[in-house]
Amino acid sequence: MPNWKKVITSGSDASLNSLNVTNGARVTGSLEIYKSGSTAFNIEGSLGTLFSVTDELSGSLFSVNDISGIPIFEVFSDDTVKIGTHNSEGIEVQGSDVIITGSLDVSGSVIANGNLIKTAATGADVKF
């Protein structure tokens, strides 16, 4: 006999052991997810993980991945955000500092409310 006990209720609260949302289905209202340890929320595509949130207080908190499952946007517990190719990110934010690796193409104005500091460039001219 199948296990028909799918929803457990207590007062006005209800809980599910699992929830599968298929094409066209939607959840309305609020949705709270509680998971202790490892991955709390995961969105999978046919080729791997697209987005995940972990229950960690250190290291990677969540990431958005490319089609092969490699992070292209990742947020860490130390206020670091990395954007771009994994282990060769083009933009890294550490607190209030922004580090751009590679070239920066700007079409339009650049407004700086502080000092612009020229550092040695490898193979390229830096002009102010």
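Where a number appears in this text, it was derived from the coordinates with a stated rule and is not lab data. For clarity, every value in this text was computed on a predicted model and none was experimentally measured. All Cβ positions, glycine included, derive from the backbone under ideal geometry; neighbour counts span all protein chains shown.
See the values below:
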| read-out | value |
| --- | --- |
| Net charge over other residues, Cβ less than 14 angstrom from the Cβ of Ile72 (K, R count +1; D, E count -1) | -3 |
| Point-to-point label distance, Asn20-Val110, nm (Cα→Cβ direction, 7 Å offset) | 5.3 |
| Cut-off 14 Å between beta-carbons: net charge of the residues surrounding Ser88, Lys and Arg +1, Asp and Glu -1 | -3 |
